[in-house]
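What follows is one structure encoded as structure tokens, with my remarks underneath.
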Amino acid sequence: MSSENQRVSNSETDAFFVFADNDDTFIFADDNDGQPINEDDRGSQAVSNSPPAPVAVWKILIVDDDVLVHRATILALEDCTFEGKPLTFLHAHSATEAKYLIQTHPDTALILLDVVMETDDAGLQVVQYIRAELHNHQVRIILRTGQPGEAPEASVILNYDINDYRLKTELTRQKLITVVISSLRSYGNILKIENQNSELTLALQHLQQTQAQLIQAEKMSSLGEIVAGVAHEINNPTNFIYGNLFHTETYVQSLLKLIKTYQEHYPTPVDAIQTIAESIDLPFLMEDLPKLFDSMRVGTERIKHIVESLRNFSRLDEAEIKPVDIHSGIESTLLILQHRLQANANRPTIAVIKEYGQLPLVNCYVGALNQVFMNILSNAIDALEMGTGDCRITSETFSLPTIHIRTEIQDANRVLIRIADNGTGMSESILKRIFNPFFTTKPVGSGTGLGLSISYSIVVEQHRGHLTCSSAPGKGTEFVIDIFI
Ligand SMILES: Nc1ncnc2c1ncn2[C@@H]1O[C@H](COP(=O)(O)OP(=O)(O)OP(=O)(O)O)[C@@H](O)[C@H]1O
Ligand SMILES: [Mg+2]
């Protein structure tokens, strides 16, 4: 529609404007209103009929290739406010300009959109662009057509996501105000609902996080209790054995000494003694007994060490932050996972390479940090069950399943603990979600998807540190725990 065959009138008594085919003059509110926007200041040149730069305004985009329609619209709406906020106008004179403006002003509340501009369906293309490409479903769109035949209402309403369809001729000033205000109201309501939605989503995330923490805390505290209980039960009998071993060895050595002395003084014993000595292979027994004691001592010392590690791991009751030897936490965790490192039908033994730096005692919640080691190491073992890639912690590549643990001091006040595996690694889309509560790629029943989200909150929230992960398919995975000393 061209501007020559249109007229807009605005009278104080009969406040309406019509579009008709005659040459009557148009009453301009302001000579600058409705002018096309220069390429250079697109997006910033919003013609406003309200006091300068209010913080919250209703942005209305007028799209029409007829400059008079812009002016008439502004004349009709210039005094309007809604919910105490003024209206401000953006002007586009073609579909191309409209697309640009809506892209740069995504907070536009309403578009008054002409249909026929560069092409017969230019306006409809704008609707498609806004909804399908920009995914802007908030902005209200009122289609204003010049002729009913231009874009048949029924099919347009069905096929395009518009909110109202009006003939320009039916829009008197009062009707325009009415449709604009009702559109602004529904835009405002949509924003409110969206705000509430995002608040609800946040609340839901928070709830999920709390639920995850509760479940994991419960899981870990039962594990801690079991471990502490088992450690206690093993500890007492081990102490009997270890405590009596020394006396037993002393007694046995005394008896052996006695036998040797007998042999020296009675080199030819009576037959009955001779027979027994032969049947028990006395020379071998006398040589082997001290060795047995050595291995029994090594065995019981190992049990004591395991018990100590189990107790160390289960120090969940220690709610206070205190100086801790990080390496002993890692060692205890490895010890608990020892059985999972051993060779099985699908893979050889998992090698654990340790490069421990000189670390001071680190102020931390020891039980919580042990949980983090446990979660990360169990995940590494799980990944190695699935296959082996390259280990990326050093330039070396390992063909056998390997977990590489490295600790170091950073900037004199931080400790970095790197735990890498040469397992299957992760795709970028998985990597993005690993810290989300309940995110798991493991089969139902074998993973709850809580390990890393809990580890994240322990490292980041409880210890004010950082927990990062880098991984790529076939390239293994590395977690870095970064905490202050
Ligand atoms: N070292 C790793 N290598 C490959 N993928 C990993 C590794 N660590 C974590 N992931 C991926 O991150 C997901 C989330 O790990 P997370 O520890 O939070 O849960 P989970 O191990 O699946 O279950 P849960 O630990 O609760 O038993 C895993 O399911 C896995 O897909
Ligand atoms: Mg896990």
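The values are calculated or read from the model by the stated rules, or taken from the named source; none is laboratory data. Here the structure is a predicted model, which means the values were calculated and not measured. Ideal geometry is used to build each Cβ from the backbone, glycine not excepted, and the neighbour counts take in all protein chains shown.
Computed quantities for the displayed model
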| quantity | calculated |
| --- | --- |
| Wholly enclosed strands (runs of 3 or more DSSP E) of segment 106-207 bearing at least 1 residues at pLDDT below 90 and surrounded by 13 or more Cβ atoms within 10 Å (Cβ to Cβ) | 140-145, 164-167 |
| In segment 101-155, the residues that are acidic (Asp, Glu) and farther than 17 Å from residue 88 by Cα | 114, 118, 120, 121, 133, 150, 153 |
| Only one of 433, 406 that is within 14 Å of ligand 1 (Cβ to nearest atom) and charged (D, E, K, R) | 433 |
| Given (1) within 32 Å of the chain's Cα centre (by Cα); (2) modelled with pLDDT under 90; (3) closer than 30 Å to residue 245 by Cβ, number of the condition residue 305 does not satisfy | (1) |
| Hey, residue 389 touching a helix residue (DSSP H, G or I) at 6+ places or on another chain (Cβ under 8 Å) and either surrounded by fewer than 21 Cβ atoms within 10 Å (Cβ to Cβ) or not in a helix (DSSP H, G or I) (or both) or not | no |
| Wholly within segment 396-485, strands (runs of 3 or more DSSP E) carrying at least 1 residues that are among the polar types (S, T, N, Q) and crowded, with 21+ Cβ neighbours inside 10 Å | 402-410, 466-471, 477-484 |
| Residue list for segment 449-485, filter: within 13 Å of ligand 2 (Cβ to nearest atom) and in contact with an Asp or Glu (Cβ under 8 Å, 6 or more places away or on another chain) | 469, 477 |
| Among residues of segment 447-469, those that are more than 8 Å from ligand 1 (Cβ to nearest atom), of a type in the set (S, T, N, Q) and touching a residue at least 40 places away in the same chain (Cβ under 8 Å), counted | 2 |
| Only one of 436, 422, 379 that is within 13 Å of ligand 2 (Cβ to nearest atom) and closer than 25 Å to residue 357 by Cα | 379 |
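Let's see how each residue does on (1) at pLDDT 95 or above; (2) over 16 Å from residue 139 (Cβ atoms); (3) out of contact with any helix residue (DSSP H, G or I) (no Cβ under 6 Å at 6 or more places or on another chain); (4) in a loop (DSSP other than H, G, I, E, B):
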| residue | (1), (2), (3), (4) |
| --- | --- |
| 29 | no, yes, no, yes |
| 34 | no, yes, no, yes |
| 37 | no, yes, yes, yes |
| 44 | no, yes, yes, yes |
| 50 | no, yes, yes, yes |
| 74 | no, yes, yes, no |
| 86 | no, yes, yes, no |
| 90 | yes, no, no, no |
| 98 | yes, no, no, no |
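So that you can scan it fast, the table gives a plain yes or no per residue for (1) at positive phi; (2) of a type in the set (D, E, K, R); (3) touching a Leu at 6+ places or on another chain (Cβ under 8 Å); (4) surrounded by 13 or more Cβ atoms within 10 Å (Cβ to Cβ):
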residue: 233; (1), (2), (3), (4): no, yes, no, no
residue: 242; (1), (2), (3), (4): no, no, no, yes
residue: 261; (1), (2), (3), (4): no, no, no, no
residue: 269; (1), (2), (3), (4): no, no, no, yes
residue: 285; (1), (2), (3), (4): no, no, no, yes
